[in-house]
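What follows is a short report on a single structure.
The values are calculated or read from the model by the stated rules, or taken from the named source; none is laboratory data. Keep in mind it's a predicted model, so treat the numbers as computed, not measured. Virtual Cβ from ideal backbone geometry, glycine too; neighbours counted across all protein chains shown. Accessible surface is based on the protein model in full, side chains and every heavy atom, while ligands, DNA and RNA are left aside. Shrake-Rupley method; radii C 1.70, N 1.55, O 1.52, S 1.80 Å.
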Amino acid sequence: MAEDEALIAATALVKQFGDFTAVDGIDVRVRAGEAFGFLGPNGAGKSSTMRMIGCVSRPTGGALRILGLDAAKDGAAIRARLGVCPQQDSLDLELTVLENLTVYARYFNIPRKVARARAMELLDFVQLADRAGDKVEPLSGGMKRRLTIARALVNEPEIVLLDEPTTGLDPQARHLVWERLFRLKQRGVTLVLTTHYMDEAEQLCDRLVVMDAGRIVAEGSPRELIDRHSTREVLEVRFGNDPLDGFADKLDGIGERVEVLPDRILVYTGDGDAAAAQVHGRGLTPSSVLVRRGSLEDVFLQLTGRTLVD
Amino acid sequence: MVTTLIFPRAMSRLDHRASGALSVTARNLAAARHAAYWWVLLSGFVEPLLYLLSIGVGVGRLVGDIALPDGRLVTYAQFVAPAMLAASAMNGALAETTMNFYGKLKFMRIYDATLATPITPMQVSVGELIWAMCRGGVYSAVFLVVMAALDLTTWGWALVALPVTLLVGFAFGALGMGLSTLLRSWQDFDYINVTQFGLFLFSGTFSPPSDFPVPLQILIEVTPLYHGVALLRAITTGSPDWTVLWHVAYLVALAVAGLTMASRRMGVLLLK
Ligand SMILES: Nc1ncnc2c1ncn2[C@@H]1O[C@H](COP(=O)(O)OP(=O)(O)O)[C@@H](O)[C@H]1O
Ligand SMILES: [Mg+2]
């Protein structure tokens with residue numbers, strides 16, 4: 001990809017805290033209009049990366065260009081064109097729902113009248129219009145998250161940064177957030193998000209990088225990554241509370257690869273049902289058998305030997 | 001107007017910066033409209049008024065007249081009133097820029113979100129100080145009305161004194177904000193409170209610094225409230241001379257130092 005096509009271009013980007021390296025030389029290109037994801041477990045360095053992109057944290061090394069500007073020099077000019085939804089909501093609890101948007105809009109030098117009109121529109125968009133005059137404190141987690149997303153949109157940003165947009169939300173609240181983010185994507189807004197949920201990455205991201213311990217271990221579309229590092233189907237078998245140590249040998253040769261986890265065994269295969277039949281054929285009687293499609297979780301496991309969410 | 005024509009770009013940049021700071025001030029105004037803030041505000045100027053009445057007027061009966069640096073004699077109430085005015089400007093500004101500022105910085109974490117916008121730490125500091133000045137300005141104005149009404153100064157000098165109280169507040173506010181960024185917990189505010197009370201008692205407030213032994217006198221003359229007191233006393237007693245320039249310069253330098261420290265430290269704390 002040509003340099004000038006990228007809205008965000010990080011080259012050998014490093015972030016250190018003291019002598020601890022949180023981001024260890026990553027290269028990232030984000031194109032206009034795409035939804036780009038950072039997938040990785042806690043502590044992978046996702047937030048540190050997002051804060052550097054948001055120009056609220058100085059890179060320790062490497063180059064970072066955003067919207068054609070240098071993050072180290074033009075922070076304020078870049079921030080003016082970004083929308084940020086940080087990992088912690090950071091809403092202003094002394095203000096009402098509406099004021100959280102109008103006051104924030106003033107930070108972007110948006111005229112009062114425009115700010116108010118836009119705030120009302122955004123509250124509509126995130127389905128909080130009926131709470132406009134309420135305090136923020138009593139809102140549910142999902143509502144606070146949606147308000148933070150609305151706040152990130154108040155300056156009509158070219159790029160929206162979302163750090164774990166749905167972590168801690170119940171399934172219903174998550175789907176509502178996903179649905180709103182999907183609409184943003186349809187409008188052509190460039191989304192950059194982090195997550196440790198593989199389903200979130202699969203649903204929302206056109207392209208993503210898998211991060212682990214400050215490094216990028218894989219990059220591509222969700223489909224590409226699954227095709228490259230996993231199989232079409234995965235067979236999950238459990239054997240009640242029996243210890244699973246010896247099972248690697250017993251299942252050897254079934255499918256393309258066998259992975260023994262503490263609580264279950266994964267068999268990577270193109271045909272899950274056939275693999276299940278083979279398991280039974282060897283005289284084994286699993287307490288449960290599940291055939292599912294290969295996922296980003298499997299990709300992560302394959303690349304790092306660990307699961308995403310522990 | 002002329003400057004706008006000659007330096008349009010520089011002026012518009014300045015304008016932009018100022019409006020950024022004012023948007024921080026506006027946030028506080030919006031928050032204050034909800035809170036039980038107005039009661040807090042009220043309590044702030046009752047205290048110096050009580051001091052003025054009890055000590056200035058009450059004790060003043062026992063003390064008799066006092067000589068100013070230029071030799072003129074004034075009543076004790078006239079002597080003490082400008083000191084209470086300076087102390088009230090100090091207290092008002094510190095109330096906003098120590099406890100409240102610290103709460104927003106570390107506890108409510110308001111500025112984490114603010115700094116994700118084009119707003120800079122310096123604009124946050126200036127915006128907070130302007131807010132503190134709005135509060136301090138109200139205190140001072142009321143106090144000056146009382147002074148003029150009690151014949152402790154003239155209406156004309158009271159008018160001159162008002163912007164000077166803002167300077168005193170600005171300097172203390174900046175200092176307080178800078179120091180607040182160093183505090184680790186609420187307990188540390190005890191240091192600030194004790195210092196504040198020490199300044200209140202010894203800054204030439206109740207008796208001229210020359211009444212004290214020379215070492216103490218020198219100490220008094222390097223601390224900030226002394227300069228506020230001396231400056232306002234020169235004005236409300238109608239006897240300003242060239243030394244007021246020195247006091248003004250001291251307070252301006254303090255304000256600049258405090259602001260610089262506050263914004264630098266805010267950067268260190270929040271933009272990691
Ligand atoms: N301000 C900080 N000071 C010291 N260490 C930090 C700081 N912020 C993050 N870290 C460390 O850097 C690593 C990466 O953190 P983070 O970027 O928050 O990861 P993620 O968002 O992927 O969970 C973690 O080990 C974390 O403890
Ligand atoms: Mg994180």
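Name the single residue, out of those in the range A:87-111 being touching a residue at least 24 places away in the same chain (Cβ under 8 Å) and among the β-branched types (Val, Ile, Thr), that is nearest to the other protein chains (Cβ to nearest Cβ).
A:Thr96
So which of A:Val136, A:Val114, A:Val84 is under 22 Å from B:Leu105 (Cα atoms) and more than 9 Å from chain B (Cβ to nearest Cβ)?
Sole residue among the options that is under 22 Å from B:Leu105 (Cα atoms) and more than 9 Å from chain B (Cβ to nearest Cβ): A:Val136.
Being of a type outside the set (A, V, I, L, M) and either farther than 22 Å from A:Cys55 by Cβ or facing chain A (nearest Cβ under 7 Å) (or both) is the filter here; which residues of the range B:107-117 pass it?
B:Phe107, B:Arg109, B:Asp112, B:Thr114, B:Thr117
Any chance the range A:37-59 includes a residue that's away from chain B (no Cβ under 14 Å), more than 16 Å from ligand 2 (Cβ to nearest atom) and either of a type in the set (Gly, Ala, Ser) or surrounded by fewer than 22 Cβ atoms within 10 Å (Cβ to Cβ) (or both)?
Checked the range A:37-59: no residue is away from chain B (no Cβ under 14 Å), more than 16 Å from ligand 2 (Cβ to nearest atom) and either of a type in the set (Gly, Ala, Ser) or surrounded by fewer than 22 Cβ atoms within 10 Å (Cβ to Cβ) (or both).
For A:Gly62, all conditions in the list (1) in contact with a strand residue (DSSP E or B) (Cβ under 9 Å, 6 or more places away or on another chain); (2) open to solvent by 30 Å² or more (accessible area, probe 1.4 Å); (3) more than 16 Å from ligand 1 (Cβ to nearest atom); (4) over 26 Å from A:Thr167 (Cβ atoms) hold save one; what is the number of the exception?
(3)
Evaluate the following for A:Ala80: is it open to solvent by 20 Å² or more (accessible area, probe 1.4 Å), more than 16 Å from ligand 1 (Cβ to nearest atom) and over 27 Å from A:Ala150 (Cα atoms)?
no
Of the residues that sit in the range B:226-269 and are at pLDDT 95 or above, touching a Phe, Trp or Tyr at 6+ places or on another chain (Cβ under 6 Å) and over 17 Å from B:Ala21 (Cβ atoms), which one is nearest to the other protein chains (Cβ to nearest Cβ)?
B:His227
Considering only the range A:167-199, state which residues are in contact (Cβ under 8 Å) with a residue 60 or more places away in the chain and within 16 Å of ligand 1 (Cβ to nearest atom).
A:Thr167, A:Val192, A:Leu193, A:Thr194, A:Thr195, A:His196, A:Tyr197, A:Met198
Conditions tested, residue by residue: (1) surrounded by fewer than 20 Cβ atoms within 10 Å (Cβ to Cβ); (2) within 14 Å of chain B (Cβ to nearest Cβ); (3) touching a Phe, Trp or Tyr at 6+ places or on another chain (Cβ under 6 Å).
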position	(1), (2), (3)
A:Phe125	yes, no, no
A:Leu128	no, no, no
A:Arg151	no, yes, yes
A:Asn155	no, yes, yes
A:Thr166	no, no, no
A:Glu179	yes, no, no
A:Lys185	yes, no, no
A:Thr190	no, no, no
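Does A:Leu162 qualify as being within 14 Å of chain B (Cβ to nearest Cβ) and within 16 Å of ligand 1 (Cβ to nearest atom)?
yes
Could you check how many residues of the range A:1-57 are near ligand 1 (Cβ under 8 Å from one of its atoms), more than 19 Å from the chain's Cα centre (by Cα) and over 24 Å from B:Thr114 (Cα atoms)?
Total meeting the criteria: 2.
So in the range B:76-106, with the set limited to residues that are within 14 Å of chain A (Cβ to nearest Cβ) and in contact with a Ser or Thr (Cβ under 8 Å, 6 or more places away or on another chain), which one is nearest to B:Ser239 (Cα to Cα)?
B:Phe101
Keeping to the range A:200-216, report how many residues are within 16 Å of ligand 1 (Cβ to nearest atom) and surrounded by fewer than 18 Cβ atoms within 10 Å (Cβ to Cβ).
2
Out of curiosity, is A:Asn100 closer than 21 Å to B:Arg33 by Cα, more than 16 Å from ligand 1 (Cβ to nearest atom) and crowded, with 18+ Cβ neighbours inside 10 Å?
Criteria met by A:Asn100.
In the range B:168-202, how many are open to solvent by less than 40 Å² (accessible area, probe 1.4 Å) and within 14 Å of the chain's Cα centre (by Cα)?
So the answer is 12.
Within the range B:169-185, is even one residue over 27 Å from B:Phe101 (Cα atoms), at pLDDT below 95 and touching a helix residue (DSSP H, G or I) at 6+ places or on another chain (Cβ under 9 Å)?
No; the residues of the range B:169-185 include none that is over 27 Å from B:Phe101 (Cα atoms), at pLDDT below 95 and touching a helix residue (DSSP H, G or I) at 6+ places or on another chain (Cβ under 9 Å).
Given B:Tyr102, B:Tyr76, B:Tyr51, which one is in contact with a Leu (Cβ under 8 Å, 6 or more places away or on another chain) and of a type in the set (Phe, Trp, Tyr)?
Within the list B:Tyr102, B:Tyr76, B:Tyr51, the selection yields B:Tyr102.
Kindly state which strands (runs of 3 or more DSSP E) lie completely within the range A:194-293 and contain at least 2 residues that are more than 16 Å from ligand 2 (Cβ to nearest atom) and more than 14 Å from chain B (Cβ to nearest Cβ).
Where strands (runs of 3 or more DSSP E) fall fully within the range A:194-293 and carry at least 2 residues being more than 16 Å from ligand 2 (Cβ to nearest atom) and more than 14 Å from chain B (Cβ to nearest Cβ), they are A:215-220, A:233-238, A:257-260, A:265-269, A:288-293.
Kindly indicate whether B:Leu179 is assigned to a helix (DSSP H, G or I) and within 14 Å of chain A (Cβ to nearest Cβ).
Here the answer is no, as B:Leu179 does not meet what is asked.
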